[in-house]
Amino acid sequence: MKLIAFAALVSFAAVPALAQTAPTPAPPAAAPAPMATTETAKFTVDTPIEQLVANEQAKAVLMTVLGADITQNPFYDQIKAMSFAQVQPLSQGQITDETMKKLADGLAAIK
């Protein structure tokens, strides 16, 4: 008798598990946002230095603002993958806020 009651209990417990519906499929991914109508700057102070140096216009801005070829800096190999925004705090005051503003303005003018 206990075996029959146990079998009935197990069969009732298993029925709801079998009666579950399939999960609802995820909604389709949202379409990417349309391109902004305002043109963004090609280069910023957040662009890696090696990318700036690779572009003649950006390199000219660096030469004008910094007054020297940054690729000749003894630390160039260590900082080339970094941006000026990342290098400034490490520059011990050599890259001032004024220098950053001049770099930002000059780089923003490149289209």
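Each value in this text was obtained by applying a stated rule to the coordinates, not by laboratory testing. Model, not experiment: these values are computed from the prediction. Positions of Cβ are generated from backbone atoms using ideal geometry, with glycine treated the same way; all protein chains shown enter the neighbour counts.
Before moving on, here are some points about what is shown:
- 5 angstrom amide H check on I95, placed H, neighbours 5+ away: none
- In terms of the mean number of neighbouring beta-carbon atoms within 10 Å, the peptides 74-83, 50-59 order highest first as 50-59, 74-83.
- The distance between label points at D105 and L90 comes to 2.8 nm (points 7 Å beyond Cα on the Cα→Cβ vector).
- Interchain or long-range residues, amide H under 5 Å from S83's placed H: I49
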